[in-house]
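Let me begin by presenting the structure, written as structure tokens, before commenting on it.
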Protein chains: 6
Amino acid sequence: MRLADATWTDVRDADVDVAVVPVGSTEQHGPHAPLGTDTLNAVSVAEAAAATYERAAGADDGPSDDRGAIAVTPPIPVGVAEEHRAFDGTMWVTPDTFRAYVREAAASLPAHGIDRVVLANGHGGNVEALAEVARRFSRDPDHDGYAVAFTWFEAVGEHAGDMGHAGPLETALLRATHPELVREDRLAEAREGAADRWGEWVAGVNLAHDSEEFTANGVVGDPAEGDADRGRVLLELAGDALAELLAAVVERER
Amino acid sequence: MRLADATWTDVRDADVDVAVVPVGSTEQHGPHAPLGTDTLNAVSVAEAAAATYERAAGADDGPSDDRGAIAVTPPIPVGVAEEHRAFDGTMWVTPDTFRAYVREAAASLPAHGIDRVVLANGHGGNVEALAEVARRFSRDPDHDGYAVAFTWFEAVGEHAGDMGHAGPLETALLRATHPELVREDRLAEAREGAADRWGEWVAGVNLAHDSEEFTANGVVGDPAEGDADRGRVLLELAGDALAELLAAVVERER
Amino acid sequence: MRLADATWTDVRDADVDVAVVPVGSTEQHGPHAPLGTDTLNAVSVAEAAAATYERAAGADDGPSDDRGAIAVTPPIPVGVAEEHRAFDGTMWVTPDTFRAYVREAAASLPAHGIDRVVLANGHGGNVEALAEVARRFSRDPDHDGYAVAFTWFEAVGEHAGDMGHAGPLETALLRATHPELVREDRLAEAREGAADRWGEWVAGVNLAHDSEEFTANGVVGDPAEGDADRGRVLLELAGDALAELLAAVVERER
Amino acid sequence: MRLADATWTDVRDADVDVAVVPVGSTEQHGPHAPLGTDTLNAVSVAEAAAATYERAAGADDGPSDDRGAIAVTPPIPVGVAEEHRAFDGTMWVTPDTFRAYVREAAASLPAHGIDRVVLANGHGGNVEALAEVARRFSRDPDHDGYAVAFTWFEAVGEHAGDMGHAGPLETALLRATHPELVREDRLAEAREGAADRWGEWVAGVNLAHDSEEFTANGVVGDPAEGDADRGRVLLELAGDALAELLAAVVERER
Amino acid sequence: MRLADATWTDVRDADVDVAVVPVGSTEQHGPHAPLGTDTLNAVSVAEAAAATYERAAGADDGPSDDRGAIAVTPPIPVGVAEEHRAFDGTMWVTPDTFRAYVREAAASLPAHGIDRVVLANGHGGNVEALAEVARRFSRDPDHDGYAVAFTWFEAVGEHAGDMGHAGPLETALLRATHPELVREDRLAEAREGAADRWGEWVAGVNLAHDSEEFTANGVVGDPAEGDADRGRVLLELAGDALAELLAAVVERER
Amino acid sequence: MRLADATWTDVRDADVDVAVVPVGSTEQHGPHAPLGTDTLNAVSVAEAAAATYERAAGADDGPSDDRGAIAVTPPIPVGVAEEHRAFDGTMWVTPDTFRAYVREAAASLPAHGIDRVVLANGHGGNVEALAEVARRFSRDPDHDGYAVAFTWFEAVGEHAGDMGHAGPLETALLRATHPELVREDRLAEAREGAADRWGEWVAGVNLAHDSEEFTANGVVGDPAEGDADRGRVLLELAGDALAELLAAVVERER
């Protein structure tokens, strides 16, 4: 269930097991991918997982018969992205404000009895902040909610090692889901200006706080390595992982 | 220009006159209209205005020849909506967090030289908070930005008096732009449970802080009074008003 | 009962129905009216209303026999007035601090069993912030209090349309209550430098965030249109409206 | 100059040397003295000092010939008084909010070129918070202001040792300045229920955080020891001390 | 019991009566005493008091037979010391952050059933902030804790009058406990550059907010007046006073 | 240079290249290791690195000849450790307060010209928060400082995979540096109650927010696998890594 498309009476009448809050970012993704990449990808994975989870409910066998619905909320569009501030169009908020916005928005859900929440994230810069949100939400004495944070590109098996930024994984997923938004004619330019690796490392520490310190055009990794077929594989992997997480969250004693 | 669909290089190469930040809400809109109504409507009006503004740039005559682009950012999806907390699926954040989130997200724009911002709002509960954001943003010594807040249903001439909540205006606009999201078969139910007026007034003061105090199903006003034709009129009125505002913001000495 | 003049034992022994917190501002009111205008006017209306409310308790008939007292607290002297910062002597705090100060001060009252509070405001710049304070106060899980905000010049019937700033209404009320503080010899100067209207409007939006953008001497409206007789009418109208509100607040189920 | 009674043009045309911000409290002062005692006393001392300072400017001799005016702002009416929360009618805000309110209100003054501020305090519970405000204000990189905090009953020579609460000093000053507000007929009761000393001390530490822990009726010290004559002496002592401080603040290099 | 040296099982198995949180500062102490002086001294006094308190438990007589342990936590190393910012190596945090850090750290203790806390302070600049922390902690509805703040050099009888800064008292205590950290060869220099008194006083008010305004080398008072013998006396006086306070805190009804 | 042992004149006269702020925690480390483990280990590594760095300055060859000193500040003793709240003696502060305390304390250093700071961390729960502190510090427009965060057990090569909690690595380091604080007689108990792995993982997400959910006695990993010899290896590895980082921080253009 897309929450934004439902009416309040639909939500009242549904049996919602978990809410999924897609969390994105509006930030540079090289010359070939749109600023909204992270939000689009977070939504794609969230919706795929919800469909997988709900489909399992119709299966004839097993414990899934009594599965309810997954409510996918509207995505959070602006995140912790100051590291890309050198690139035009990038938007960001402070981590403090981001945490408050996500946490409070999520806390509306237990107020309606939806007390399990998964934050489905599409942006590396949000990872730390969302982990903190999930912990604080889960310990909040003001409601009974429990939350965990999931980041799609950490849940794609061996592909995860290729992550980068606007690189093979993100580009692939976008090509599979929103091909019209990928500028195919700029891929050569994108790969040429790309960095091999995120950051500038000494003794296990990244010395660079901003992406412009190590990438000329904002890209890390080779986006040409991510075609639509790979994107479909990634969507399935990430969607299945998130669906598995949703089931585990429902079954877990809190 | 939809900012989320553009690449950072597109933004760098464009001549952006003003950014428009649609501001919505995820909140009950009766049994017939979706929780995302305010966000959808804010985006519709923002995009209509951007198109009108940019179209004028192509006209042969007058000062508009040198008009640049309008960057429409992703919408802010959760607002100040605690007044609807009694109705399922409604999401909200505190006014403090809302103000911080909108203001900081908007402040990313002058960092890239886009220093005029219009907050294009679709939710009554956001009005006060956005007025404050616009003032603080415009006085912020940390950047040169200037902002004002616009609420579409205040800029539709005589129609404004029919506003309500999930009533004729919001329903009409949605029917014109997203008819598949309006539950036509629940309109009778919607009008029957509706209140005539927002609030409970004594001596010019509304005594009711929450909508459930005066409306049984969340509706105020008669949604049946808002058909798609009226919606098209509203879209044109609001879009033209916002386009006029954009032009005034560009021309104004700050 | 003026709270500041009472002893704590007086308060303990009284039967206080509602507390009224006058909220003012210290800000420019043109060359003819004092910086303290808004505070003085808020107190005048609050005290008039308390007297009216308490007088009704002595009437022979009806439900008012069991009326208690109204506790009028000391006025809040500095408000949200940064819009007048260009004019000497104007004082202001941020909206955040203003809201916190008013809300916390008011929250002392339910701690003593006075759980109905009306914020009686005299300054336009405080309106939005006080509405938010009243809502948050009323939803606060830490006490049982209920609050609403009232602004005197919105409750004077047809006169309300003449509001302005340091214009006919504020000047009139002051002439009726504190004539020694109105500089009669500067009225001509005041009206000459006055603006006709508050703000600079396009498409229903005020583009001006500071008053100096549209008024040379800080005045909006013609103060000469406000003599002491009109002031007495305004005081009665506003006082009666507030007294009516106090009664409604007492009678209302919360 | 009472700032609230002046017009903005009066302030513009005056030569203000220092602003004095009286800081009071609305809190229990026993059965005999009003809740507003601290505010009234702070204002009395501030106005006495301003008069003394300005009078010196008219003297024929010495460096005082070029003295300007003292602007006495409206008093801050609610302070740090949670320690009296057990007694009806007491109002308080948190120290955080109090500090912000006083500091921001004071920071309006350097915005108009009045960059020396003395916080003239009448309440013991405010002392620590005001010291912090003065330091932070003076170090604020956003303006050139300098501030110090003064508490009248610490500047009355040997009398200071009799302070208490609602005891001899406060009662005396009030009898000298606002005799109508002192309930003479409750003085016997006041002294009978009074504590000898503020707090409950072990090893130099006060174990009691709230006044109700050591005083039955809120009084500390014998109010009967404070007649109007003593009050006049106190007013002169405190007013002279504050005037001396004002002169020192003006002459000091910052 | 030094909490940092204990295991969690040790704490679980102990019968802790009170926790003592030493609070220090890292700030200039003249050319002869280390930046860590206040922290070292706070720890010395805390440990002396804990030993004294626990020793009394072994005595044959009286109510002390059932005494439990004192848990001395790690010291808070950075405090409110901006007043020394002109001197190299001085570290500080804002009072807001200091209060939050001490209060929250202390609030961990009642979560484990240790609900009496004494803040044992070694720095004058922390005094006001710790008093506020103790009050707020004790009134916190989220736990049952009670706290008071103690400053060692206020509890050394007649010696207290010699306090200064890096002067006789602090130097003496350090010589008794950490003689290797006192630069004996710089004592002459220290006394020569020292001020006689802390601050610059007019009418009972200190006009100086920073120590560099009145001391050239950071010293106030004559450090040569503080030998190790005096240090041992001070340690005993302060340690006994704090032990007495601990006993009183345990016995007090809260 | 241990900052706390130095005088302000020592710091003034030294040529400090970088400040290292050890950041620890006071939290359960099983039945065998002390609550202060993380702080002790952070200090050990910081001091080893400072010694290594400074020793290199004395070498005959290369660019290190002009190396200055490393100032090791006092350790931050309480961190983000709410996840261990179920175990006695654990202390923690909120992430917000922790970040503010570390960041502000560190910001004192550029005020004295020490504008490179390394946060040398000993606790896993602090990692995310310190990364954020380092970024914000480095972007702070109020000073020229640059900071990075280092966590010792992430910089010990292949050993890093054995981390756990109170397991082989932490126990080994402690045995090498503070053997008296390791309870050898409880090691068998420690290993028996230990978990194999930190957390409870599904789809790459840890479902457990608190350590008690997966470890009975607080231990993760086998502490017996960490003898003093291994501890010495770890100290050298981590110390060398940090020294390398210090050199890189000094040489890097910011």
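Computed from the coordinates by the stated procedures, all read-outs in this text should not be read as laboratory data. All values derive from a computational prediction rather than experimental measurement. With ideal geometry, Cβ positions are generated from the backbone for all residues, glycine too; neighbour counts draw on all protein chains shown.
Relative contact order for segment A:1-112: what percent, with Cα pairs under 8 Å and sequence separation of 6 or more?
33 percent
If you take the Cα atoms of chain E, find Rg, then find the Kirkwood Rh from the mean of 1/r over all pairs, what is Rg/Rh?
0.99
Among C:H123, C:H84, C:H143, whose mean-square fluctuation peaks in a Gaussian network model of chain C (Cα, cutoff 10 Å)?
C:H143
Would you mind telling me the antiparallel percentage of the DSSP bridges in chain A, rounded to 5? Please list the in-between numbers first.
On the way: 4 of 22 bridges.
Of the beta bridges lying entirely in chain A, close to 20 percent run antiparallel.
So what is the orientation-averaged projected area of segment B:1-140, using the convex hull of its C-alpha atoms, in nm²?
One quarter of the hull surface, i.e. the mean projection, equals 9.5 nm².
Quick one: what does P(r) look like for segment F:59-157 with 10 Å bins over all Cα pairs, in whole %?
Whole-percent P(r) values from 0 Å outward: 14, 40, 30, 12, 3, 0.
Quick one: which residues, 5+ away or cross-chain, put their amide H under 5 Å from the amide H of A:V16? H built at 1.01 Å from N.
Under 5 Å from the amide H of A:V16 lie the amide H atoms of A:A69, each far enough along the sequence or on another chain.
Would you give the gap between the C-alpha center of segment B:76-136 and the C-alpha center of segment C:75-109, rounded to a whole Å?
Using only Cα atoms, the two centres lie 22 Å from each other.
If you consider only alpha-carbon coordinates, what radius of gyration and Dmax does the protein assembly as shown have, in Å?
Rg and Dmax of the protein assembly as shown, Cα atoms, are 33.7, 105 Å.
Bin all alpha-carbon pair distances of segment E:185-254 at 10 Å intervals from 0 and give each bin's fraction as a whole percent.
P(r) over segment E:185-254, rounded to whole percents: 18, 26, 26, 24, 6, 0.
Tell me, in nm to one decimal, what length is gained between E:D229 and E:R55 on full extension, where the rule is 0.36 nm per residue of separation less the Cα-Cα distance? Please list the in-between numbers first.
Values: separation 174, 0.36 × 174 = 62.64 nm, distance 2.31 nm.
Difference between extended and current length: 60.3 nm.
What average number of partner chain Cβ atoms lie no more than 10 Å from the Cβ of the residues making up A:194-204?
Mean inter-chain Cβ contacts per residue within 10 Å come to 4.
Which percent, to the nearest 5, of DSSP beta bridges fully inside the protein assembly as shown are antiparallel?
Working: 24 of 132 bridges.
So the antiparallel bridges amount to about 20 percent of the total.
Each residue of segment D:130-141 in turn: what ³J(HN,Hα) in whole Hz from Karplus with 6.51, -1.76, 1.60 and θ = phi - 60°, glycine and Pro shown as x?
6, 4, 5, 4, 4, 5, 5, 4, 6, 9, 5, x
Counting Lys and Arg as +1 and Asp and Glu as -1, each charge on the Cβ, what is the dipole of the protein assembly as shown about the Cα centre in debye, to the nearest 20?
0 debye
To the nearest 500 deg cm²/dmol, what mean residue ellipticity at 222 nm is calculated for chain C from DSSP H runs of n ≥ 4 alone, each contributing -39,500 (n - 2.57), summed and divided by the residues?
Here the helix-only value at 222 nm equals -11500 deg cm²/dmol.
Amide H of A:D88: which non-local residues (sequence gap of 5 or more, or other chain) have their own amide H closer than 5 Å, using H built in the peptide plane?
Correct list: empty.
Kindly express, to the nearest 10 degrees and within the range 0 to 90, the angle between helix D:37-57's C-alpha long axis and the longest C-alpha principal axis of chain D.
30 degrees
Below 8 Å between Cα atoms, with a sequence gap of 6+, how large is the relative contact order for chain A in percent?
About 24 percent, as a whole number.
In percent, what relative contact order does segment C:168-254 have, based on Cα pairs under 8 Å that are 6 or more apart in sequence? Kindly include the intermediate steps, with their values, before the conclusion.
Details: 107 pairs, mean separation 35.8, N = 87.
Across segment C:168-254, relative contact order equals 41 percent.
First check a/c for segment C:154-207, with a ≥ b ≥ c the square roots of the eigenvalues of its C-alpha gyration tensor; if it is under 1.5, answer rounded, and if not, answer prolate when a/b is larger than b/c or oblate otherwise.
Working: a/c = 3.46, a/b = 1.51, b/c = 2.29.
It comes out oblate by the Cα gyration axes.
Please give the FRET efficiency for D:E236 paired with C:E212, using the beta carbon to beta carbon distance and R0 = 51 Å, rounded to the nearest 0.05.
Step by step, r from the Cβ atoms, then E = 0.75.
Which three semi-axes in whole Å describe the equivalent ellipsoid of segment C:90-137, each the square root of 5 times a Cα gyration tensor eigenvalue, listed largest first?
After scaling each eigenvalue by five and taking roots: 20, 11, 9 Å.
For chain B, modelled as a Gaussian network with Cα springs under 10 Å, which listed residue fluctuates most, B:D240, B:D140, B:D13?
Result for chain B, Cα springs under 10 Å: B:D13 fluctuates most.
Loop-only check: which GluC sites (Glu not before Pro) in segment D:218-254 are DSSP coil with at most 10 other Cβ within 10 angstrom?
Working: sites: D:E225, D:E236, D:E244, D:E251, D:E253; in loops: D:E253.
Hits after loop and neighbour filter: D:E253.
Around B:R116, which amide H atoms from residues at least 5 apart in sequence, or from another chain, sit under 5 Å from its own amide H, with H modelled in the peptide plane?
Residues meeting the criterion, in which the H sits 1.01 Å from N, are B:A19, B:Y146.
Whole-Hz Karplus ³J(HN,Hα) for segment F:194-200, in order, using 6.51 cos²θ - 1.76 cosθ + 1.60 and θ = phi - 60°, x for Gly and Pro?
Ordered by residue, 3J(HN,Hα) equals 6, 8, 7, 9, 6, x, 9 Hz.
Per q in 0.14, 0.20 1/Å, what log10 I(q)/I(0) does a Debye calculation on the alpha-carbon atoms of segment B:104-201 return?
-0.69, -0.99
Give a residue-ordered list of calculated ³J(HN,Hα) values for segment E:167-175 (Karplus: 6.51 cos²θ - 1.76 cosθ + 1.60, θ = phi - 60°; whole Hz; x for Gly, Pro).
Result, ordered by residue: x, x, 6, 5, 5, 4, 4, 5, 5 Hz.
As I understand it, the value is the acute angle between the Cα axis of helix C:228-251 and the longest principal axis of the Cα atoms of chain C; what does it come to in degrees, rounded to 10?
40 degrees
How big is the gap, in Å, between the Cα center of segment A:211-254 and the Cα center of segment C:177-254?
59 Å
Which whole number gives the average count of other chain Cβ atoms within 10 Å of the Cβ atoms across peptide E:71-77? Kindly include the intermediate steps, with their values, before the conclusion.
Working: counts 2, 0, 7, 12, 3, 5, 8.
Mean partner-chain Cβ count within 10 Å for E:71-77: 5.
Relative to the longest principal Cα axis of chain D, at what angle does helix D:95-107 sit, 0 to 90 degrees, rounded to 10?
Rounded to the nearest ten degrees, it is 20.
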